[in-house]
Amino acid sequence: MTRRELLDLYFMEARSKLIDVAAFMDRLERAEGEADFRFAAFAQALPLLQGQGGGRVERVLAALSDPTEDPIAVATSKAACGAWPGGK
Amino acid sequence: MTSMRYIEPHAHMVSRTTDDYRAMVLAGCAAVCEPAFWAGFDRSAAAGFYDYFRQLTEYEPRRAAQFGLPHFCWLCINPKESEDVGLAREVIALIPQFLGRPNVVGIGEIGLNKNSRNELQVLEMHVDMAARHDQLILVHTPHLEDKLKGTRLILDVLRADSRIKPERCLIDHVEEHTVKRVLDAGFWGGMTLYPETKCTAARAVDMIEQYSSERLWMNSACDWGVSVPLAIPLAALELRRRGHSAPVIDRLIYQNPLRFLSQSPKFILPGGGLEQPAHP
């Protein structure tokens with residue numbers, strides 16, 4: 001597909017998601033509370049969108065991932081939260 | 001897109017309504033495969049798994065058969081319940097008596113959840129059992145921040161066992177940061193269509209367009225959580241919007257899973273499953 005065709009197909013959806021991100025950030029800023037590692041990781045990933053040469057999805061996913069290599073001693077929970085707590 | 005056909009290779013139908021079976025068949029589903037999974041709460045004893053394996057091999061095939069839908073399953077103790085190695089050992093000991101049942105196609109979905117040492121040990125036990133019984137393997141990769149590390153650890157385990165043939169293993173829930181290493185290692189990859197926590201249809205199509213799709217399939221992995229049993233037909237629609245032809249779509253959503261699953265002698269569809277689709 002051409003760039004124009006892809007814009008016709010996806011621009012409005014991407015625009016909507018971009019505005020949702022902006023609203024999410026404003027909403028957090030209006031709220032009171034302590035800093036959280038999840039938003040810190042989110043904020044660190046935002047500049048990756050401005051890179052060139054493709055690979056943005058892979059870089060953002062990697063930025064939100066546990067970068068360590070060894071298995072953990074014990075699984076104390078089952079859930080994942082979307083960002084690595086060790087990065088705080 | 002008339003007469004579209006597809007195989008749903010990963011759906012947890014025990015947690016879905018009978019209406020979902022009907023909707024899937026109406027949308028063109030030709031077979032459904034159900035991996036063993038976590039019920040949303042921990043089972044307290046191996047006997048709970050014995051009942052679950054009976055449900056997967058006796059009750060669910062009957063429920064699907066009401067709509068003429070062939071039902072297959074994979075057996076294991078899911079990684080979310082693998083921290084208790086003693087329980088896992090008891091459950092794994094139950095599995096061989098079920099492997100001969102007509103709808104069991106392999107061991108799965110095994111893998112890792114939080115990437116712990118005990119989960120790794122249980123993964124190795126499952127891999128050993130699959131190798132000894134010459135079973136196909138379906139691997140669950142961890143969620144979100146744990147996926148990249150978990151995928152690396154899983155590939156290390158599989159590659160360390162010389163009995164394991166990559167073409168008989170499917171690594172599920174791949175995303176952009178894991179798909180290449182899975183395919184490059186010779187394994188099959190599964191893309192799970194969960195809008196928030198795994199990948200959207202648009203991203204799945206991106207991966208199909210960027211990587212060789214010979215060893216890729218898509219699945220809904222629908223379960224008791226927020227998930228869409230018709231995710232594959234919706235992804236087919238996305239492929240169509242992106243300009244892919246009906247034969248290409250048929251290859252991705254029907255022939256690819258058929259090719260992988262047919263490595264099990266039990267995965268037999270009416271007519272052999274190889275007839276051409278009705279659409280041009």
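The values are calculated or read from the model by the stated rules, or taken from the named source; none is laboratory data. Everything quoted here is computed from the prediction, not taken from an experiment. We place every Cβ from the backbone using ideal geometry, glycine too, and count neighbours over all the protein chains shown.
Observations, loosely collected:
- Residue within segment A:72-88 that is loosely packed, with under 12 Cβ neighbours inside 10 Å, within 14 Å of chain B (Cβ to nearest Cβ), assigned to a loop (DSSP other than H, G, I, E, B) and touching a residue at least 12 places away in the same chain (Cβ under 8 Å) present: yes
- Condition check for A:SER65: within 21 Å of B:LEU112 (Cβ to Cβ), of a type outside the set (D, E, K, R) and touching a Phe, Trp or Tyr at 6+ places or on another chain (Cβ under 7 Å): yes
- Lone unmet requirement of (1) within 14 Å of another protein chain (Cβ to nearest Cβ); (2) among the basic types (Lys, Arg); (3) touching a strand residue (DSSP E or B) at 6+ places or on another chain (Cβ under 6 Å) for B:ARG43: (3)
- Leading residue by the ranking (nearest to B:ILE107 (Cα to Cα)) among those in segment B:58-75 that are in contact with a helix residue (DSSP H, G or I) (Cβ under 6 Å, 6 or more places away or on another chain) and not in a strand (DSSP E or B): B:GLU60
- Candidates A:LEU7, A:LEU28 - the one that is assigned to a helix (DSSP H, G or I) and either closer than 24 Å to B:GLU209 by Cα or within 12 Å of chain B (Cβ to nearest Cβ) (or both): A:LEU7
- Residues (over 20 Å from A:GLU69 (Cβ atoms), without any contact (Cβ under 8 Å) to a residue 60 or more places away in the chain and surrounded by 16 or more Cβ atoms within 10 Å (Cβ to Cβ)) located in segment B:136-164: B:ILE137, B:ILE164
- Any hit, segment A:25-35, residues being at pLDDT 95 or above and in contact with a helix residue (DSSP H, G or I) (Cβ under 7 Å, 6 or more places away or on another chain): yes
- If you filter segment B:187-204 down to residues that are more than 17 Å from the chain's Cα centre (by Cα) and among the charged types (D, E, K, R), you find that the one that is modelled with the lowest pLDDT is B:GLU196.
- Residue within segment A:14-23 that is touching a helix residue (DSSP H, G or I) at 6+ places or on another chain (Cβ under 6 Å) and within 13 Å of chain B (Cβ to nearest Cβ) present: no
- Positions within segment A:38-68 being facing chain B (nearest Cβ under 7 Å) and without any contact (Cβ under 8 Å) to a residue 12 or more places away in the chain, in sequence order: A:VAL57, A:GLU58, A:LEU61, A:ALA62
- Output for segment B:76-92, where each listed residue is touching a helix residue (DSSP H, G or I) at 6+ places or on another chain (Cβ under 8 Å) and part of a helix (DSSP H, G or I): B:PRO79, B:GLU81, B:VAL85, B:LEU87, B:ALA88, B:ARG89, B:GLU90, B:VAL91, B:ILE92
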